[in-house]
Amino acid sequence: MGLLLKVIKGGMSTTVQDFGRWGHQAMGMPVAGAMDPEALAVANILAGNEPGEAALEVTLLGPTLEVDGEGALAVAGADLGFTLNGVSAPRWTSLAVKTGDVISFTGPGGKGCRAYLAVSGGIDVPVILGSRSTYTRAAIGGFEGRALKAGDTVSCGEPPALWRRTIGLACPEPLRPVRDPEAPIRAVPGPQDDAFTPEGLETLFGSEYTITSQADRMGYRLEGPKVSHKAGADIVSDAIPLGAVQVPGHGQPIVMLADRQTTGGYTKAAVVLTVDLAVLAQRLPGERLRFARSTPEEGARLLAERAQRLASLARLRAEYRSRPERPLGGARATSGAYSLRIDGKTAVIEWQEL
Amino acid sequence: MDQPTLPRILDAGDSCLVAEFGTTVDRALNAKVQALKKALAKCGIRGIVELVPTYRSLAVYYDPCVVGRKDLAARIEAVCLDLGDEGSGAGRVVAIPVCYGGTFGPDLENVCAHTGLSKEEVIARHTGRETYCFMLGFTPGFAYLGGMDESLATPRLENPRTLIPAGSVGIAGKQTGIYPIDSPGGWQLIGRTPLAVFDPLRTPPTLVEAGDWVRFQAITEAEYEEIQSAARAGKYTVRAAFRKEAE
């Protein structure tokens, strides 16, 4: 049986998220999903799960949770002051927990506002339209469609077979998401870049913008020099892709994020590269940013690099699990893994005694 | 207005291409969007994540680690060359029962006052025509319907309501629509359907898809209760017909 997490304090906004509810936007269903999917994937791999299992997205002020049962957990993403039984605990590391352990967060310790708490077996809430992600605006998915609050008990799935052998695994620095807080947010012009004056686009890509207090999972409203349109800001509605930089008539950009509506009637000057959305999602109101022009090809290359980092971490986990066991008293190993190279590709075969 | 058959292929970041057939609200143009969606869904190109039709364009979400942008754009263009001549107005017509007026339609009188029509006449005109579903969006399950009798056009409420119950049928300007989930809004509410227009646990979750037609049908309060209990028990079959040609 999977472990239980008893919620003592819900935190500012702790929701169940996975890679999102893709495939249903044609019926107007927003995608939702983790704002920083790479951090979610790292936490899951460390907890012994598949990269896209459901985990808790912790926002700025984290929850306090009491563990019932045993399993592995890992926290990845921003430093929000993760503690285990009142003692500061490492992020990016697979930790063992048991009944009575208390997970809490003392508050942000640096830049970043979203962390992911993955538990072996994943968070076990019903799958709705192919995903466990929470979309709070319509109360769909996740834990009763809302953020966690005191008194909730969250169930986790059956821990994966080799979870014990994952304990102690840490994600090395180079395999963590690459984040330069000073770097500009890269975006591809379009699909309605032709609705803006050349000066308007120059302004967007050449100025500094401040994240306003209207910044949440749906989108970040920015404030700065006005981006001017040629004729008007309204279009006949079309799709709003993840990361769309929408500019209504007031000329202030809004970057549309995980909980965005599927369609809308404002011009979109550009769309942020998928990997840079996570960089943006870790920023807070009051912080400043710049945009830089990019191309779909650069975005694709960065996504391939991200996939490489995650594949490397998964391989590292397999190697870690297959390390020689030195059981006390000469007992034989009951599980392990082999790494094979076939046609230049590495495959991992994991085994355990039944 | 003449619309070119081949869409413009626009970049929307690194994981989405938009095939844009035009920039206006036009049923023939929308039919091309629906036709491209069907054709792409049929040819099962690897790497396509999902297809989102809107009034005038089709968003093609893709995984750039599986299919390259240039390849995908070329495949879309090739499919467009072979698109059949849809848009004859043929399609599925879904019957949506609505109980008009009273507590379900608190703004029916506003619509009467604005249009100068009697309640009976407003209901007759609202149910007298098939409206076309251009797309879904805005909230889960919200259908953008076009083609309401324009004599019913009424501006939105000056003070939007903070909570409108799911199933409410309203008018905003020349548009008519159904609120799929409880939400705030400023439409003039003229009635309510007992059917759940959006239920994520049902297959399919929506009653109407883009490219369908909707015909509203007036029902009494007693029928409302009856249909609602039958629908909740899973014993109500939504009536749908097929229409061959446009008006």
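Descriptive notes on the structure:
- The stretch A:201-254, residues that are β-branched (V, I, T), within 16 Å of A:A281 (Cα to Cα), more than 14 Å from chain B (Cβ to nearest Cβ) and crowded, with 17+ Cβ neighbours inside 10 Å: A:I211, A:I254
- Filtered residues of the stretch A:3-20 (kept if assigned to a loop (DSSP other than H, G, I, E, B), touching a strand residue (DSSP E or B) at 6+ places or on another chain (Cβ under 7 Å), more than 14 Å from chain B (Cβ to nearest Cβ) and surrounded by 19 or more Cβ atoms within 10 Å (Cβ to Cβ)): A:L3, A:G11, A:S13, A:T14, A:D18
- Taking the listed residues B:V25, B:V67, the one that is in contact with a strand residue (DSSP E or B) (Cβ under 9 Å, 6 or more places away or on another chain), in contact (Cβ under 8 Å) with a residue 12 or more places away in the chain and more than 7 Å from chain A (Cβ to nearest Cβ) is B:V67, with no other qualifying.
- Screening the candidates B:P194, B:P184, B:P165 for the property of being within 12 Å of chain A (Cβ to nearest Cβ) and either surrounded by 14 or more Cβ atoms within 10 Å (Cβ to Cβ) or closer than 27 Å to A:G23 by Cα (or both) yields one hit, B:P184.
- Matching entry among A:A161, A:A147, A:A115 (being of a type in the set (G, A, S) and crowded, with 23+ Cβ neighbours inside 10 Å): A:A115
- Pairs are defined by a Cβ separation below 6 Å, a sequence spacing of at least 6 or placement on different chains, a first member in the stretch A:255-283 that is within 11 Å of chain B (Cβ to nearest Cβ), and a second member that is of a type in the set (D, E) and not in a loop (DSSP other than H, G, I, E, B); the pairs so defined are A:G265/A:D234.
- Checking B:F138, B:F134 one by one, the residue that is within 11 Å of chain A (Cβ to nearest Cβ) and on the phi > 0 side of the Ramachandran plot is B:F138 and no other.
- Selected residue (criterion: surrounded by the fewest Cβ atoms within 10 Å (Cβ to Cβ)) from residues of the stretch A:288-328 that are in contact (Cβ under 8 Å) with a residue 24 or more places away in the chain, within 11 Å of chain B (Cβ to nearest Cβ) and polar (S, T, N, Q): A:T295
- All positions within the stretch A:176-222 that are small (G, A, S) and touching an Asp or Glu at 6+ places or on another chain (Cβ under 6 Å): A:G190
- Of the residues making up the stretch B:208-234, those that are under 26 Å from B:T103 (Cβ atoms), touching a strand residue (DSSP E or B) at 6+ places or on another chain (Cβ under 9 Å) and at pLDDT below 95 number 0.
- Check on B:A19, farther than 30 Å from B:E226 by Cα, crowded, with 21+ Cβ neighbours inside 10 Å and either without any contact (Cβ under 8 Å) to a residue 40 or more places away in the chain or of a type outside the set (S, T, N, Q) (or both): yes
- Checking B:A143 against (1) touching a residue at least 24 places away in the same chain (Cβ under 8 Å); (2) out of contact with any Cys (no Cβ under 7 Å at 6 or more places or on another chain), the condition it does not meet: (2)
- All conditions in (1) β-branched (V, I, T); (2) closer than 30 Å to A:A304 by Cβ; (3) in contact with a Leu (Cβ under 9 Å, 6 or more places away or on another chain) hold for B:V66, with the sole exception of (3).
- Tallying residues that are at pLDDT 95 or above, of a type in the set (K, R) and closer than 26 Å to A:Q308 by Cβ within the stretch A:133-179 yields 1.
- Residue within the stretch A:39-62 that is farther than 16 Å from A:R176 by Cβ, surrounded by 24 or more Cβ atoms within 10 Å (Cβ to Cβ) and among the acidic types (D, E) present: yes
The values are calculated or read from the model by the stated rules, or taken from the named source; none is laboratory data. Note that the coordinates shown come from a computational prediction; the quantities given were computed from them, not determined experimentally. Don't worry about glycine lacking a Cβ; one is built from the backbone with ideal geometry, like all the others, and counts go over all protein chains shown.
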